[in-house]
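Encoded as structure tokens, the structure appears first; notes follow it.
The values are calculated or read from the model by the stated rules, or taken from the named source; none is laboratory data. Keep in mind that this is a model prediction, so the values were computed, not measured. Cβ placement follows ideal geometry from the backbone for every residue including glycine, while neighbour counts extend to all protein chains displayed.
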Amino acid sequence: MTTRPRHIAIIMDGNGRWAESRHLPRILGHRRGVETVRKIVTAVRNEEIPYLTLYAFSSENWQRPDEEVGALMGLLGHYLSHELKTMLQEDICLQVIGDTSRLPENVRAILLDAVQKTAGNRTMTLILALSYGGRAELVQAARQLAVKVAAGELSPDAIDHADFADCLETQGIPDPDLLIRTSGEMRISNFLLWQIAYAELYFSETYWPDFDETQLQAALAEYARRQRRFGLTGAQLRREDSHS
Ligand code: FPP
């Protein structure tokens, strides 16, 4: 069994508390959070981990005050337009999951441009979850399957895991092996509900703006210590190992 994750997913939490604990406006926490995004993307790429998914904006985040939503959208647009060059240099392919139709038109245009321009890159895939909600993703997958059944293309009895996974936005992307959440909260918050079925969960007390490469290394070391079982017994796993 490999001791290194192929796909890391991160719930970047604690920007607001980082700022509030310093008597700063929350937006400064988000700004520092973007710096962390830059550092962690490069660190993950340098670790030769091929997939990284970041929960950058949930479908619930639209309910935050307009000022904060506007500031987050501004930061996102700024990040994407500045990082495109780095993504091209570092051979990073950008993908997005979530309801991008809700994003401001200018941000959406920058995003789709970056997705298109980096589509051929292979060293790492960076997936941004934007206006994303796991339940909504599952519901739309169920709808897609229902349409195929109604059209007589698929029999309900024949629907299997692979059919379902093919209707998700993460189609073709391996499931995350390691899910990290920062800031001491221990929740999944509607993130990748199907895809994290067997992920190792790692909770860090650190607020996202203070999360750094050393802490990423600590998460990777913890992951390497865990024994992933996928429902098998220890003895079965040892037998599998000896055959691989
Ligand atoms: C959680 O902190 C973080 C977010 C809601 C957004 C995360 C966004 C960024 C890191 C910046 C933009 C992202 C990119 C990819 C450019 P919180 O505000 O919920 O913190 P709190 O729980 O302490 O209030």
Is the range 122-138 home to any residue that is surrounded by fewer than 13 Cβ atoms within 10 Å (Cβ to Cβ) and over 21 Å from residue 50 (Cβ atoms)?
-> yes
For residue 47: the one exception among (1) of a type outside the set (S, T, N, Q); (2) surrounded by fewer than 20 Cβ atoms within 10 Å (Cβ to Cβ); (3) out of contact with any Lys or Arg (no Cβ under 9 Å at 6 or more places or on another chain); (4) in contact (Cβ under 8 Å) with a residue 60 or more places away in the chain | (3)
Considering every residue within the range 61-74, establish whether at least one is modelled with pLDDT of 95 or more, under 19 Å from the mean Cα position of the chain (by Cα), farther than 20 Å from residue 182 by Cα and among the aliphatic types (A, V, I, L, M).
-> yes
Residues being part of a loop (DSSP other than H, G, I, E, B) and within 16 Å of the ligand (Cβ to nearest atom): count how many of those fall in the range 200-233.
-> 6
Residue 175 is checked against (1) away from the ligand (no atom under 16 Å from the Cβ); (2) assigned to a strand (DSSP E or B) and fails just one. What number does that condition carry?
-> (2)
Hits in the range 178-196 (condition: β-branched (Val, Ile, Thr) and not in a loop (DSSP other than H, G, I, E, B)) = 180
Which of the residues spanning the range 1-35 are near the ligand (Cβ under 7 Å from one of its atoms) and in contact with a Pro (Cβ under 8 Å, 6 or more places away or on another chain)?
-> 14, 15, 18, 29, 33
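Going by what's in this entry, would residue 236 be described as assigned to a helix (DSSP H, G or I), under 30 Å from residue 19 (Cα atoms) and of a type outside the set (A, V, I, L, M, F, W, C)? Talk me through it step by step, then tell me what you get.
On the way: assigned to a helix (DSSP H, G or I): yes; under 30 Å from residue 19 (Cα atoms): no; of a type outside the set (A, V, I, L, M, F, W, C): yes.
No, not satisfied.
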